[in-house]
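Single-structure report; data block below.
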Amino acid sequence: MRFMAIVKANKDSEAGVMPSNELLAAMGKFNEEMVKAGVLLAAEGLKPSSKGARVKFSGNKRTVVDGPFTESKELIAGFWLLQVKSKEEAIEWIKRSPAPFEGESEIEIRQVFEASDFSSGDFSRGGGRAGAIAAR
């Protein structure tokens with residue numbers, strides 16, 4: 001089972017404040033533990049929403065809205081993608097994580113759909129690399 005652990009943004013991350021060297025070292029050590037255990041598939045920090053954009057869809061119309069976006073509690077500062085046996089195992093790993101920010105912070109854990117979750121079980125009809133990636 002794959003789970004995404006989503007680090008919620010805060011005012012500092014949205015202001016572009018970089019983590020301290022101590023936090024970066026602690027996160028590096030934690031990530032290395034997950035690599036050695038064979039559970040870490042990906043881990044990335046994200047730049048503030050001011051460096052991003054949103055594409056809004058309304059039928060065939062596409063509208064681009066440049067950041068920054070105002071609701072920092074709804075934004076993402078980073079993520080881990082884990083391959084584990086259960087939601088409980090994902091929770092246990094994330095509970096061991098260093099706190100992403102000083103003060104309060106939150107990490108949301110969400111299960112990723114697998115090809116077997118769909119009745120057809122066949123993502124490959126979409127073809128190309130996207131079908132192969134989704135079918136993992």
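Read-outs: derived from the displayed coordinates by stated rules, not from any lab. Because the structure is predicted, anything quoted here is derived from the model rather than measured. Positions of Cβ are generated from backbone atoms using ideal geometry, with glycine treated the same way; all protein chains shown enter the neighbour counts.
Could you tell me which of the pairs Lys11/Lys51; Lys8/Lys95; Lys11/Lys95; Lys11/Lys47 are separated by over 18 angstrom between their Cα atoms in the structure shown? Long pairs (Cα-Cα over 18 Å): Lys11/Lys95.
Answer with one residue from Ala43, Ser116, Pro68: the one whose Cα lies farthest towards the positive end of the charge dipole of the chain, charges on Cβ with Lys, Arg +1 and Asp, Glu -1. Value computed over the given set: Ser116. The phi torsions of the range 23-32, fed into the Karplus equation with coefficients 6.51, -1.76 and 1.60 and a -60° offset, translate into couplings of 5, 4, 5, 5, 5, x, 5, 4, 4, 5 Hz, rounded to whole numbers, with Gly and Pro shown as x.
Summarising the amide proton neighbourhood of Gly67: residues at separation of 5 or more, or on other chains, whose placed amide H is nearer than 5 Å comprise Gly52, Ala53, Arg54. Sequentially through the range 51-61, phi angles give Karplus couplings (6.51, -1.76, 1.60; θ = phi - 60°) of 9, x, 8, 10, 10, 9, 10, 9, x, 8, 7 Hz, Gly and Pro residues having no value and appearing as x.
Evaluated at q = 0.19, 0.21 Å⁻¹, the base-10 log of the normalised Debye intensity for the chain, with identical point scatterers placed on the Cα atoms, takes the values -1.18, -1.25. The H on the amide N of Leu41, modeled in the peptide plane, is under 5 Å from the matching H of Leu81, Leu82, Gln83, each at least 5 residues off or on a different chain. The helix-based estimate of mean residue ellipticity at 222 nm for the chain, built from -39,500 (n - 2.57) per DSSP H run of four or more residues and divided by its residue count, is -8000 deg cm²/dmol to the nearest 500. Amide H to amide H distances under 5 Å link Ala77 with Val7, Lys8, Ala9, where only residues 5 or more positions off or on other chains count and H is placed in the peptide plane. Couplings 3J(HN,Hα) for the range 79-93, derived from phi with the Karplus relation 6.51 cos²θ - 1.76 cosθ + 1.60 (θ = phi - 60°), are 7, 10, 10, 10, 10, 9, 8, 7, 4, 4, 5, 4, 4, 4, 4 Hz, where x marks Gly and Pro.
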